[in-house]
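Reviewing the structure listed below.
The values are calculated or read from the model by the stated rules, or taken from the named source; none is laboratory data. Bear in mind that the values here come from a model prediction, so they are computed numbers and not experimental data. Every residue, glycine among them, receives a Cβ derived from its backbone with ideal geometry; neighbour counts consider all protein chains shown.
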Amino acid sequence: MKKNKLALCILSLCVAGMANASLTITEVASGDLDPSWNGTSLTTMDGIAGGTTGTTTDWHIFGTAGVTPTDTKSGGNGIGTLAFDANTSGNTLTEQTGSSSQPDLTWTDGTIVPTPPALVESLLQSDGDGIGETFTISLAASAEQSTAYLVLGALRSGATLTATMSDASETASAIYATSTHGAIIYKIEYSSPTATTLDFVWEKTEDRSSTSGIRFQAVTLDGAVPSG
């Protein structure tokens with residue numbers, strides 16, 4: 001009996017010591033975030049992502065008509081490949097430069113590859129009508145808490161951000177919609193003892209004009225990234 005109690009006690013301690021998966025999505029800012037229009041500066045992206053340390057594990061900005069990052073952190077890791085799926089809408093990706101409502105971004109954290117201008121104003125946008133097109137991207141996950149920021153946007157449309165652990169242990173979502181155009185910055189905090197990635201889908205779910213779309217501007221990651 002004593003051995004059984006000891007075994008149960010050890011099992012209880014092991015179970016109690018296992019960390020549970022956690023996932024939260026918080027809206028940091030939304031609407032017209034272009035400082036040239038509203039006078040509010042949200043330009044230092046590494047300051048947002050790195051908190052008091054001002055450093056990030058990795059960051060990417062997207063500003064060409066393709067899904068390859070325009071600028072990244074040299075030596076950064078943990079951010080996967082961005083993908084775009086037009087679904088049945090037939091919409092294509094275009095590059096928007098100096099687009100109103102999106103924040104101007106700049107970094108002071110790490111070496112930038114390649115060296116960008118002082119302020120980065122470009123982003124990717126799907127153009128046309130119809131719904132169902134998506135941006136997808138994955139970030140590394142581990143048992144230690146990681147913090148990510150996504151800089152997204154919409155043009156005369158509604159969209160949903162869905163985040164799912166690769167082992168389906170946690171999922172969360174957030175909705176954004178605008179009849180004109182707007183930017184949105186999401187903060188995502190997550191951890192998992194079993195999942196290897198956190199997978200994001202930014203999907204256009206509502207069409208409010210024949211010229212509508214969803215936007216993907218930047219992603220940052222600050223957290224423990226598994227090596228190898």
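For this structure, a couple of remarks:
- The set of residues in segment 176-205 being under 25 Å from ASN77 (Cα atoms), β-branched (Val, Ile, Thr) and part of a strand (DSSP E or B) consists of ILE184, ILE185, ILE188, THR197, VAL201.
- Residue, nearest to ALA141 (Cα to Cα), within segment 175-186, restricted to residues that are among the small types (Gly, Ala, Ser) and surrounded by fewer than 19 Cβ atoms within 10 Å (Cβ to Cβ): ALA177
- Every residue from segment 193-225 that is among the β-branched types (Val, Ile, Thr) and crowded, with 24+ Cβ neighbours inside 10 Å: ILE214, VAL219, THR220
- Scope segment 99-137; condition among the small types (Gly, Ala, Ser) and modelled with pLDDT of 65 or more; matching residues: SER100, SER101, SER122, SER126, GLY128, GLY130, GLY132
- THR220 vs. criteria at pLDDT 90 or above and of a type outside the set (A, V, I, L, M): no
- Among all positions in segment 180-188, there is at least one residue which is modelled with pLDDT under 90, farther than 24 Å from VAL67 by Cα and of a type in the set (Ser, Thr, Tyr).
- Residue that is in a strand (DSSP E or B) and within 23 Å of THR94 (Cα to Cα), where the choices are SER210, SER157, SER173: SER157
- Taking the criterion of being assigned to a strand (DSSP E or B) and of a type in the set (A, V, I, L, M, F, W, C), the residues of segment 122-148 that qualify are LEU123, LEU124, PHE135, ILE137, LEU139, ALA140, ALA148.
- Considering residues of segment 142-173 that are among the hydrophobic types (A, V, I, L, M, F, W, C), surrounded by fewer than 19 Cβ atoms within 10 Å (Cβ to Cβ) and in contact (Cβ under 8 Å) with a residue 24 or more places away in the chain only, the residue nearest to LEU23 (Cα to Cα): ALA172
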